[in-house]
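Undergrad: My questions will all concern the structure given below.
The values are calculated or read from the model by the stated rules, or taken from the named source; none is laboratory data. Since the structure is predicted, the reported quantities are computational estimates derived from the model, not experimental observations. Note that each Cβ is placed from the backbone with ideal geometry, even for glycine, and that neighbours are counted across all protein chains shown. Accessible surface areas use protein heavy atoms only, side chains included; no ligands, DNA or RNA. Shrake-Rupley method; radii C 1.70, N 1.55, O 1.52, S 1.80 Å.
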Amino acid sequence: MLQQVSPAVITPIDPATGAVIDTVRVTTAEELGAKIALARDAQKDWAALMPVERGRILRRAADILRARNDELALLETRNTGKPIQETRAVDVLSGADCLEYYAGVAATIAGQHIDLGAGAFGYTRREPLGLVAGIGAWNYPLQIACWKAAPALACGNAMLFKPSEQTPLTAAKLEEVFREAGLPEGVFQVVQGYGDLGRALTEHRDIDKVSLTGSVPTGRAVMAAAGRNLKHVTLELGGKSPLIVFDDADIDNAVSGAMLANFYSSGQVCSNGTRVFVQRAVLSQFLDRLAARTAKLRIGDPLDPETQIGPLVSRAQMDLVLGHIERARGEGVRLVAGGRRLTEGALGQGFFVEPTIFEAADDSAAIVRDEVFGPVMTVLGFDTEDEVIARANDTEFGLAAGVFTQDITRAHRVVAQLDAGTCWINQYNVTPIELPFGGVKASGIGRENGLAAIEHYTRIKSVYVAMTPIDCPY
Ligand code: NDP
């Protein structure tokens with residue numbers, strides 16, 4: 001049961017100015033109970049629809065999201081501080097792509113026919129799990145809500161979605177979009193609150209599955225709580241991913257990859273390639289070009305379409321990132337660029353940190369080992385392929401990895417040996433909905449996107465069908 005200990009309202013802020021931009025009422029314990037009851041009722045009728053009809057509604061929701069791209073991108077930028085040039089191009093549209101993809105998949109979800117000889121056959125049914133709780137992080141609020149809702153709903157589940165308390169606004173808009181698209185009442189509902197609400201969802205007996213995007217400690221807490229009721233979980237957690245640049249790579253392309261892998265969304269991306277391993281023959285050339293291009297990044301008001309780097313999401317996140325930078329400097333890691341909070345003019349009101357590059361001599365410093373979740377890249381030299389594979393895998397995380405090389409055989413050979421849920425060759429951080437996404441080791445369990453997600457939002461029922469009378473020994 002939800003113990004109401006946190007404040008009764010959420011006051012999201014604009015991280016570029018620190019100003020409060022809205023007031024959102026927290027879902028009470030009574031409301032949560034009513035929403036769960038409504039969702040469980042609604043789910044039965046939703047699951048009984050022809051899958052193609054479910055798909056049609058998801059498809060309409062995708063169209064509405066695209067039509068409202070500018071408005072929703074603006075809201076996402078105001079609440080997260082991410083540059084409008086990003087939110088207009090990625091956040092809403094990736095959510096719409098996901099809805100469109102699963103709209104098409106809905107009617108193809110099927111079990112198997114299993115031949116058991118002349119006297120019998122078997123088949124499996126893929127059935128929805130029931131009521132799923134989605135719990136989101138603050139870095140891609142709308143995209144995360146869509147990535148969880150689209151496959152869950154396509155499979156015939158209902159969903160209660162709790163956005164991060166820091167970014168509650170666009171998930172509420174998604175509920176509006178679904179309503180306009182014709183989704184029956186109760187099938188997708190947003191609940192608003194703090195970590196205690198997330199805990200209540202995770203512990204609730206009438207919730208069949210929890211899909212969390214968040215940090216590793218929260219993932220552990222969710223899995224432990226879900227374990228008490230043996231709920232299904234999907235966990236999309238943090239990372240400290242390697243990006244490996246071999247000396248035959250196109251260096252400018254690799255620099256582009258490294259910058260996108262560290263500075264997009266001010267570095268607040270779970271799959272970021274924050275350990276950039278560069279083969280020693282091209283290390284100084286790589287660092288020179290990287291520093292020159294980083295110096296030209298346009299930092300400022302995220303609502304300005306020219307801005308490339310906005311603020312971090314909150315003062316707390318900024319302080320955390322600055323703490324990581326200070327510790328790295330204290331540990332003697334060489335600072336190549338950045339490293340400061342920006343306070344000039346209007347920037348002083350917001351939570352801006354310069355894109356920062358370190359060059360570390362080895363893998364021992366905290367900046368090489370801990371997830372920072374800010375615009376901070378660490379470059380490391382390496383000599384051999386075997387060495388870099390071992391160092392890339394020497395982490396508790398396993399979300400993603402990148403390999404830059406012109407040698408196609410080496411690219412596949414290296415990728416096959418990396419402990420990572422997603423690998424990119426000569427690219428970084430692109431996440432088409434068609435490809436499953438998720439982590440190994442401490443980076444998570446389960447997969448979002450692609451056909452793989454269907455397995456995580458359905459259960460299999462096996463049915464044995466006898467074609468002959470029972471051969472009874474009694
Ligand atoms: P948190 O883990 O702090 O929070 C994630 C969500 O869980 C929030 O909605 C939070 O609520 C809620 N929550 C907190 N405590 C509990 C609990 N005990 N039980 C259930 N829910 C709870 O993560 P952040 O929001 O700080 O996001 C940053 C982290 O997310 C980073 O580590 C990043 O790597 C990871 N991430 C992973 C991604 C992936 O796909 N692998 C993608 C994006 C981010 P509230 O905020 O209201 O306290």
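Undergrad: How large is the helix-only mean residue ellipticity at 222 nm for the chain, computed as the sum of -39500 (n - 2.57) over DSSP H runs with n ≥ 4, divided by its residue count, in deg cm²/dmol to the nearest 500?
TA: The per-residue figure over the chain is -12000 deg cm²/dmol.
Undergrad: I'd like to compare 227-239, 412-424, 288-300: which one has the highest average count of other Cβ atoms within 10 Å, and what's the full order after that?
TA: Order by mean packing, descending: 227-239, 412-424, 288-300.
Undergrad: Further, regarding this structure: To the nearest 0.05, what FRET efficiency results for GLU71 and MET467 with a Förster distance of 56 Å applied to their C-beta separation?
TA: Once rounded, the FRET efficiency stands at 0.45.
Undergrad: Additional query: At 1.4 Å probe size, put MET259, MET223 in order of accessible surface, largest to smallest.
TA: MET223, MET259
Undergrad: Would you rank ASP248, ASP115 by solvent-accessible area, highest first, keeping every protein chain in place and using a 1.4 Å probe?
TA: From most exposed to least exposed: ASP115, ASP248.
Undergrad: May I pose another question? If you take every DSSP beta bridge whose two residues both sit in the chain, what share of them, in percent to the nearest 5, is antiparallel?
TA: Here the antiparallel bridges make up roughly 35 percent for the chain.
Undergrad: Oh, and also: What net charge do the residues around LEU435 carry, taking every other residue with its C-beta under 13 Å from that of LEU435, with Lys and Arg at +1 and Asp and Glu at -1?
TA: Residues near LEU435 contribute -2 overall.
Undergrad: Now for a different question. Taking the Cα centre of segment 86-207 as the origin, how large is its charge dipole in debye, to the nearest 20, when only Lys and Arg (+1) and Asp and Glu (-1) carry charge on their Cβ atoms?
TA: I would put it at about 180 debye.
Undergrad: Pairs of lysine in the chain with Cα under 13 Å and at least 8 positions apart or on different chains: total?
TA: Qualifying lysine pairs in the chain: 6.
Undergrad: Between LEU230 and ARG40, what is the label-point separation in nm under the 7 Å Cα-to-beta-carbon projection?
TA: For ARG40 paired with LEU230, the spin-label model returns 1.8 nm.
Undergrad: Which percent, nearest 5, of DSSP beta bridges in segment 306-405 are antiparallel?
TA: Taking every DSSP beta bridge within segment 306-405, about 45 percent pair in antiparallel fashion.
Undergrad: What percent of all Cα-Cα pairs in the chain falls into each 10 Å bin, going from 0 up to the bin containing the maximum distance?
TA: 4, 20, 28, 25, 15, 6, 2, 1, 0, 0
Undergrad: Now for a different question. For segment 107-116, take each phi angle, set θ = phi - 60°, evaluate the Karplus expression 6.51 cos²θ - 1.76 cosθ + 1.60, and give the result in whole Hz per residue in order, putting x for glycine and proline.
TA: Karplus values, whole Hz, x for Gly and Pro: 7, 9, 5, 8, x, 10, 9, 10, 6, 10.
Undergrad: Follow-up question, since we're still on this one. Between ASP383 and ALA452, what FRET efficiency follows from the Cβ-Cβ distance if R0 is 41 Å, with the result rounded to 0.05?
TA: Calculated transfer efficiency: 0.65.
Undergrad: Measure out, as a whole number of angstrom, how far apart the alpha-carbon centroids of segment 116-149 and segment 405-474 sit.
TA: First find each Cα centre; the distance between them is then 13 Å.
Undergrad: Say each of SER364 and THR409 gets a label point 7 Å from the Cα, pointing the same way as Cα to Cβ; how far apart are those two points in nm?
TA: 3.8 nm
Undergrad: Report the residues of segment 156-200 in range of a label on ARG125: point 7 Å along Cα→C-beta, backbone N strictly under 16 Å from it.
TA: Counting only backbone N, you get 156-157.
Undergrad: Next question, about the same structure. Take the Cα gyration tensor of segment 1-156, multiply each eigenvalue by 5, square-root it, and list the three semi-axes largest first, rounded to whole angstrom.
TA: For segment 1-156, the semi-axes come out at 36, 22, 12 Å.
Undergrad: With a/c under 1.5 counting as rounded, go ahead and sort segment 182-323 into rounded, prolate or oblate using the C-alpha gyration tensor (a ≥ b ≥ c being the square roots of the eigenvalues; past the cut-off, prolate if a/b is larger than b/c, else oblate).
TA: prolate
Undergrad: Take each of the peptides 211-219, 267-275, average the number of other beta-carbon atoms within 10 Å over its residues, and list them starting from the highest.
TA: Taking the mean over residues of other Cβ atoms within 10 Å, the ranking is 267-275, 211-219.
Undergrad: How high is the FRET efficiency from GLU31 to GLU331, r the C-beta distance, R0 45 Å, rounded to 0.05?
TA: E(calc), rounded to 0.05, equals 0.40.
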